[in-house]
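Data block below; observations after.
The values are calculated or read from the model by the stated rules, or taken from the named source; none is laboratory data. Only a predicted model underlies this, so the values are computations on that prediction, with no experimental measurement involved. Neighbour counts are summed over all protein chains in view; Cβ atoms, including those assigned to glycine, are modelled from backbone coordinates with ideal geometry. What goes into the accessible areas is simple: the full protein's heavy atoms, side chains included, and nothing from ligands, DNA or RNA. Shrake-Rupley method; radii C 1.70, N 1.55, O 1.52, S 1.80 Å.
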Amino acid sequence: MDNQPQPLRLGLIGFGCVGQGFYDILQQQPGLGLAVTRIAVKSPDKPRTLPADHFTYHADELLNDPTLDVLVEVIDDAAEAFRLVSAALRQGRRVVTANKAMLARHLPELVQLEQNFGGALLYEAAVCGSIPVIRTLDGYFSHEPLRAVQGILNGSSNYVLTRMSEEGSDYAAALAEAQALGFAETDPALDMGAFDPRSKAVILAAHAYGVFLEADEVLNLGIEAVGAADVAYAAARGQKVKVVASVQRLPNGRVAALVTPQMLGPESPLFIVEHEFNGVVVEGEYAGPQFLGGRGAGGHPTGSAVLADVLALRRGLRYGYAKQATAPALQAAEELELDVYLRHPDVGVLREVLTWLELPATALRTDVHGVYATGPVPLLRLRQWRDELRTAGVFVARRGEVQAVEAVAEGQLAASTLA
Ligand SMILES: NC(=O)c1ccc[n+]([C@@H]2O[C@H](COP(=O)([O-])OP(=O)(O)OC[C@H]3O[C@@H](n4cnc5c(N)ncnc54)[C@H](OP(=O)(O)O)[C@@H]3O)[C@@H](O)[C@H]2O)c1
């Protein structure tokens, strides 16, 4: 056995849902040539599934251990994760992370550190759990111009919407169920307010288009105010309410990114993505539309993506960010218009919202559930009033694809459909 290669020595930082899931998979696959030799966690008092001598409570000890070949960072603290991952990259180390919030905030800096110090950073688990979407965009589609990448990127909100439309559950009961099943973040606003899928959209934009967007540039509207009337409105039209992230190239070369509820019909491959599952449609210029679907969260699915990254690092894989070279100079598109549906039980509130969004009073409609409004709204207005809409409890959904508004002649505006 003298000729057996030494196993790759892994330092695991975080032993919660994902860390434990990753560790379990490794225990069940002993022939992979991987060994978790050190584990760092935070609290000494928590009950663990392994003896206490397997753990350290100081992640810096792993940073300072030169015998570790790869660091796997799966903690739930984005600021601390950035400190650890950036320090590891400064040492030229190979690192795997699942922390989408950290990546969305610091991706350009982390990529620079990787390039400057010769390390490598992979993060497939950060977007859509087990679905290999980052590697698909970065590798397979590295030179294919993409028309759009659209997806259901958050399993918790999708679970809530599925329960509401299938079972007629109300929002609070469906959310409590998602939390009990462990799909939802401790702070439900991250999932239900679409902050989590916004981080993922930022990461997808980097690989699909080579642009590093600021999270604030991406409009995110959530489902905290969704009700039975909205689900019924969609169902009456053969549609479902889904939270869809869209990152797409506009005719002027700019990139538009937003995450909002959308009324989706069966013509979309995302229509059948239910419960905690995620799905992504990649629309290539030459390849046409392709659909990837699977489990977007959970210890084992996410641990499986972490494992795939560790094995890829052993083979020498690094992301290419090939599209960065041709990335549009002006990145986030502002000049967009969305065809929206708005509902609030109080018609007075709804009337005020119409003024915020520059919609005429004729946008108001009624159905058996009460009053709602529909009409075209500039993206800028939705971004400007996002927090107020949220605080007022107004449910907002897109009714169709994003429209690019282009000046055609002397102040005249025309809308052209994308995708
Ligand atoms: N859960 C999912 O399905 C999923 C899917 C995709 C991506 N992610 C991402 O994966 C990461 C981990 O998520 P999770 O669900 O596994 O979180 P979690 O269950 O809350 O576990 C977090 C772990 O990190 C440890 N930790 C926190 N701060 C630490 C520090 N300063 N030093 C060392 N250890 C520290 C905690 O220690 P204690 O055990 O002592 O508390 C715990 O073991 C997050 O970035 C999350 O966004 C999660």
**Request:** Give Ala194, Ala234 a once-over and let me know the one that is closer than 30 Å to Val368 by Cα, at pLDDT 95 or above and out of contact with any Gly (no Cβ under 6 Å at 6 or more places or on another chain).
**Result:** Ala234
**Request:** Would you be able to say whether some residue in the stretch 223-237 is part of a loop (DSSP other than H, G, I, E, B), open to solvent by 10 Å² or more (accessible area, probe 1.4 Å), over 17 Å from Met192 (Cβ atoms) and not aromatic (Phe, Trp, Tyr)?
**Result:** yes
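For (1) among the hydrophobic types (A, V, I, L, M, F, W, C); (2) more than 23 Å from Phe277 (Cβ to Cβ), each residue gets a yes or a no:
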{"residue": "Asp69", "(1), (2)": "no, yes"}
{"residue": "Asp76", "(1), (2)": "no, no"}
{"residue": "Ala81", "(1), (2)": "yes, yes"}
{"residue": "Arg105", "(1), (2)": "no, yes"}
{"residue": "Val133", "(1), (2)": "yes, no"}
**Asked** Which condition does Asp309 not pass, out of (1) open to solvent by 20 Å² or more (accessible area, probe 1.4 Å); (2) under 26 Å from Leu121 (Cα atoms); (3) outside any strand (DSSP E or B), if it passes all the others?
**Response** (1)
**Prompt:** Which number in (1) in contact with a Ser or Thr (Cβ under 6 Å, 6 or more places away or on another chain); (2) part of a helix (DSSP H, G or I); (3) within 16 Å of Leu270 (Cβ to Cβ); (4) of a type outside the set (Val, Ile, Thr) marks the one condition that Asn158 misses?
**Reply:** (1)
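Where residues in the stretch 1-48 are more than 25 Å from Glu185 (Cβ to Cβ) and touching an Asp or Glu at 6+ places or on another chain (Cβ under 8 Å), which of them is farthest from the ligand (Cβ to nearest atom)? I'd like the intermediate steps shown before the answer.
Applying the first criterion (more than 25 Å from Glu185 (Cβ to Cβ)) to the stretch 1-48 yields 1-11, 26-38.
Restricting the remaining residues to those that are touching an Asp or Glu at 6+ places or on another chain (Cβ under 8 Å) gives 8-11, 38.
Working: Leu8: 21, Arg9: 18, Leu10: 15, Gly11: 11, Arg38: 11 Å.
Out of the qualifying residues, it is Leu8.
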